[in-house]
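Engineer: Below is one structure. I have some questions about it.
Quick note: the coordinates plus some simple rules give every number you see, no bench work behind them. The structure presented is a predicted model; accordingly, all values stated were derived computationally and were not measured. Here the Cβ positions follow ideal geometry from the backbone for every residue, glycine too, while neighbour counts run over all protein chains shown.
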């Protein structure tokens, strides 16, 4: 596709530094990350650079990569990489590029719109930030946009064009002789049916998809109504898909004495339509090949987990907890980490009883969360009598749907907000 460069995002570390290195060896353009120390990770130390310079039309353009500072919580970068403050990292690279005579600087940021706004406000010398991670839709034409395209912070133009390849971002920037932005104009271009597909790419996709079609098209269950898995709901409140997945997890291991289930909303990637449900649809909802993990944890540990889960609701982060076997009440007016979780009740017999902070509970989640993903560090460690190699979460959910077909989605107030 003719890329000039890209930044590392958190998902580039989903399968560790080894897979990222393999990807980097296979592409002909630079892959960048400025706000992390990789000197102790031998697979990346000599190849993953913070910035680069390209030449376009006789002009030098500096490119800086930016990765989420909490990637160690969102993915699996391993113990040898540490992530740092984006502002300090970007300013360091801007200063180095400027000293080398580069006066046009673009930050490739997979850190989210809020971080991009902060970087633009707290650094000098950045001309353009091309953003991602928060899937923010910026536009000058749509009333559904989160801001203008570009969003100007001083002389810095910030752009982001939603997600999933739905739009192609286009920004035309005019610089003066000193490298200062004098105009920045653009708009996301929607990739709809009016855009001609590339025949070679379509044929290659069809070829590679053929062996998977039988699995994808197999009907596994039926839904009596649409099951809502919209990220805007599941990452801030109880949602139908969250209840389905958490219930499925708990049902699968309840005969082992497991009492509660916690699912991270970031693992829920789609909704289900009413009617027949195919395995392909289930895999679209749960694409990460996570396995069930069972473990022991104290009641206080569960409270701490829920506190972590509601700590970044304002940023619509994927750590928001969907639960089964317990109910909780939280208060957004309380500062994150300062007691937002007001009440926790655990299922007991035909009802619910207050959680005992000193008691030990058996819990189930997915292996990503059990090993500390999305900030759930209280679940990790070798002291939890954990088993991380249960069945695939997509299979568990498909079997639960089949056992309860036609499945009727529901909300029951298990998560309440004051």
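Engineer: How large is log10 I(q)/I(0) at q = 0.08, 0.09, 0.16 Å⁻¹ when the Debye formula is applied to the Cα atoms of the range 219-417, each weighted equally and without solvent?
Structural biologist: Ignoring solvent entirely, the Cα scatterers give -0.23, -0.29, -0.97.
Engineer: While we're here: What's the FRET efficiency of residue 194 with residue 96 using the Cβ-Cβ distance as r and R₀ = 56 Å, to the nearest 0.05?
Structural biologist: That pair, residue 194 with residue 96, gives E of 0.80.
Engineer: Hey, another quick one. Once both axes come from the Cα atoms, what is the angle between helix 299-309 and the longest principal axis of the chain, in degrees from 0 to 90, rounded to 10?
Structural biologist: That works out to roughly 40 degrees.
Engineer: Relative contact order for the chain: what is it in percent, counting Cα pairs under 8 Å that are at least 6 residues apart?
Structural biologist: 13 percent
Engineer: Turning to a different aspect of this structure: Would you mind computing, in nm to one decimal, how far apart the modelled labels at residue 206 and residue 348 are, each placed 7 Å from Cα along Cα→Cβ?
Structural biologist: About 6.2 nm separates the two model spin labels.
Engineer: Which angle between 0 and 90 degrees, to the nearest 10, do you get for helix 16-26 versus the longest principal axis of the chain when only C-alpha atoms count?
Structural biologist: Roughly 40 degrees, rounded to the nearest 10.
Engineer: Could you tell me the distance between the Cα centroids of the range 111-163 and the range 1-49, to the nearest Å?
Structural biologist: The range 111-163 and the range 1-49 have Cα centres separated by 23 Å.
Engineer: As I understand it, the value is the acute angle between the Cα axis of helix 199-217 and the longest principal axis of the Cα atoms of the chain; what does it come to in degrees, rounded to 10?
Structural biologist: 10 degrees
Engineer: Report the Cα centroid-to-centroid distance between the range 343-407 and the range 263-313 in angstrom, as an integer.
Structural biologist: 10 Å
Engineer: Between residue 172 and residue 273, what is the label-to-label distance in nm when each label sits 7 Å out along the Cα-to-Cβ direction?
Structural biologist: Modelled inter-label distance: 3.9 nm.
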